[in-house]
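Rule-based calculations on the coordinates, nothing more; no lab input. Because the structure is a prediction, the values reported are computed rather than measured. In this analysis, Cβ positions are derived from the backbone assuming ideal geometry, glycine residues included, and neighbour counts consider all displayed protein chains.
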Amino acid sequence: MTQVLTLSCKLKVSQSQAAKLDATLDAFGQALNWVNQNTPEKVANAVKLQSLGYHQIRARFGLSSNLAQQVCRRLAGARKVARQKNRPVKAFKGGFATYDARIFSFREKDWTVSLTTVEGRECFELAIGHYQREKLAGSNPKSATLVKRKGSYYIQIQICVETEPFPRQRTDRVLGVDLGRTDIAHTSEGDNWNGQQLSRVRDRYSKLRAVLQQKASKGTRSSRRRCRELLQRLSGKERRFQAWVNHRISKAIVSRAKTTNSAIALEDLTGIRERVNQQPRSKTERRRANSWAFYQLRQFLEYKARVAGVSLILVPPAYTSQTCHRCLHIHPDPEQSYRSGKKFKCGHCGWEGDADFNGANVIALLGAAVNQPRGQAYGSLRERGWLANYRATESLHSFALAARSTLRQHECG
């Protein structure tokens, strides 16, 4: 299985080269907006867009043949994504240009890249660290994206890595991960990442955006302009901070799983946002829940686990937070058991502790039963009748249905 990784590499640029890159980025962005405005919105095929605007792109903006083709391909991709989301492509901010193998090349000998600009081919030295050098060594990248950010120039190189389609590790060790908002992630080994800092950052940006949007609609012309400029600078900062947090968490979890030769088990939370939004909540609570990037964290875990050769298992989320990992009972005695916030107490065996830690251990047990159907975890769960129907199931979906059915029987009993 081939996986594409993107490496962001800073370029060492002279003043003359910077002028050429700026001219190329400006021409590329202007060409994108011109083609978007002067071609039918329903056209989302790169070949059709090229037939409609190729010659005008070259004549108006001075782009090379291959850069003109990249404009059509980039717009076609943007229109396909916009069609899926039922919204039009309004405009491109610019500051980027896409490259393929005909107008971009990487040379490992002296760690340089060659790019086509509006004034010809230019060679740039890479200012990169050990991580980028390790990934680029021996690779033959075919595509890249030139980006300008805060006065610096970066080339985002796409490389292909051969990975297994989630190798099934024959191990009884499974690292369960419980996802939430109070703790972004809590593992069955007790490691946790608190979400209070993330919530504070989100609330701060939300209040700041509300104030600036109100000022941008009222006041003098200069104050409205400054507010709009500030909103544009703030655009994406919260999203990038969230991505940084999720990258840090996923890297730590995968590293721990690889060190201990463990598989990773996660809850399959697909559709949770739609289910939660059906409940009556305040506007603030709805915003906090909808900005919870749990799916992004799952995606980061997936691709990092593939690269590291760690198996990732999805288990059904039903009753994982209500089941005691010690005795596998679900609140048999409502008067003696409870789940309140971060506290959990079992009314059968009397175990009491952190609710997220308990849920992570239940997820780990389910993951071990899926990863090793005849292993130690299978025997411990079978004693409770949890996996009575597991032998007849052959997929995780069937196992989820059987687990839910058995859990409901336990709850009723």
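When the chain is fully extended, how far beyond the present Cα-Cα distance does Asn38 get from Gln56, taking 0.36 nm per residue of separation?
Taking Asn38 through Gln56 to full extension adds about 5.4 nm, to one decimal.
Give the calculated FRET efficiency between Leu269 and Ala101 to the nearest 0.05, with a Förster radius of 51 Å applied to their Cβ-Cβ distance.
The value I calculate is 0.85.
Taking the Cα-to-Cβ direction at Ala23 and at Asn140 and moving 7 Å from each Cα, how far apart do the two end points lie in nm?
It works out to 3.4 nm between the two label points.
In terms of Cα to Cα distance under 27 Å, which lysines are near enough to Lys343, apart from those fewer than 8 places away along the same chain?
The reachable lysines, counting only those whose Cα sits under 27 Å from Lys343, are Lys283.
In nanometres, what is the gap between the two model label sites at Lys342 and Arg149, each 7 Å from Cα along Cα-to-Cβ?
Output for this residue pair reads 3.3 nm.
Could you work out how far apart the two model spin labels at Lys93 and Arg240 are, taking each label as a point 7 Å from the Cα in the direction of the beta carbon, and quote it in nm?
So the two model labels end up 0.9 nm from each other.
Pull up the cross-link candidates among the lysines for Lys258, meaning alpha carbon to alpha carbon under 22 Å and not fewer than 8 places away within one chain.
Answer for Lys258, where 22 Å is the Cα cut-off: Lys135, Lys304, listed by chain and number.
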